[in-house]
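To start, the structure under review is shown below, and the notes come after it.
The values are calculated or read from the model by the stated rules, or taken from the named source; none is laboratory data. None of the values given here were measured: they were computed from a predicted structure. So basically every Cβ, Gly included, is an ideal-geometry build from the backbone, and we count neighbours across all protein chains shown.
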Amino acid sequence: MNKQRHELKDYIHQDLNREVSAIAGYYVLTNEIRLLFHEWEVLYLTGYVVLDNSCCGSGSFYYAIVPGIIVDWKYKKTDDGLPVSRLELIRDEAVQNDIRLLIQKKEMFTQVNFQ
């Protein structure tokens, strides 16, 4: 990854195993995982979606979201007391594909998205 063009962001950790309502159903974040990838530690989240209020039918699926590479783990808290970590976004498509394959092999998920 090109370290000269890195893009940092704060990630606010959410409560796990809590249903969050959405227009067609709800989603639940189930885990935060720290994955070693070369010299980096990557944060990814797992969860599931339930579509039970959609005009087009119902269903569910599991997914993973990769917010980024951990730069500073839980270095502060929000006013609401939620931990905040500093992350580097992963923009390189080749790196994304390598990480996606690792997560898919470990989690058996087909859907892995990057923020």
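Some observations on this one:
- If you go through the range 34-48 and keep only what is under 18 Å from Phe61 (Cβ atoms) and exposed (fewer than 15 other Cβ atoms within 10 Å of the Cβ), you end up with just Tyr48.
- The residue pairs whose first member lies in the range 82-99 and is farther than 15 Å from Val112 by Cα and among the hydroxyl-bearing types (Ser, Thr, Tyr), whose second member is at pLDDT 95 or above and not in a strand (DSSP E or B), and whose beta carbons are closer than 8 Å, counting only pairs six or more residues apart or on different chains, are Ser85/His13.
- The residues of the range 67-79 that are surrounded by fewer than 12 Cβ atoms within 10 Å (Cβ to Cβ) and either aromatic (Phe, Trp, Tyr) or modelled with pLDDT under 95 (or both) amount to a single one, Tyr75.
- Sole residue being assigned to a strand (DSSP E or B) and acidic (Asp, Glu), chosen from Asp79, Asp98, Asp15, Asp10: Asp10
- Top-ranked residue in the range 18-33 [being of a type in the set (A, V, I, L, M, F, W, C) and part of a loop (DSSP other than H, G, I, E, B); ranked as surrounded by the most Cβ atoms within 10 Å (Cβ to Cβ)]: Ala24
- Residue in the range 40-48 that is closer than 22 Å to His6 by Cβ, β-branched (Val, Ile, Thr) and assigned to a strand (DSSP E or B) present: yes
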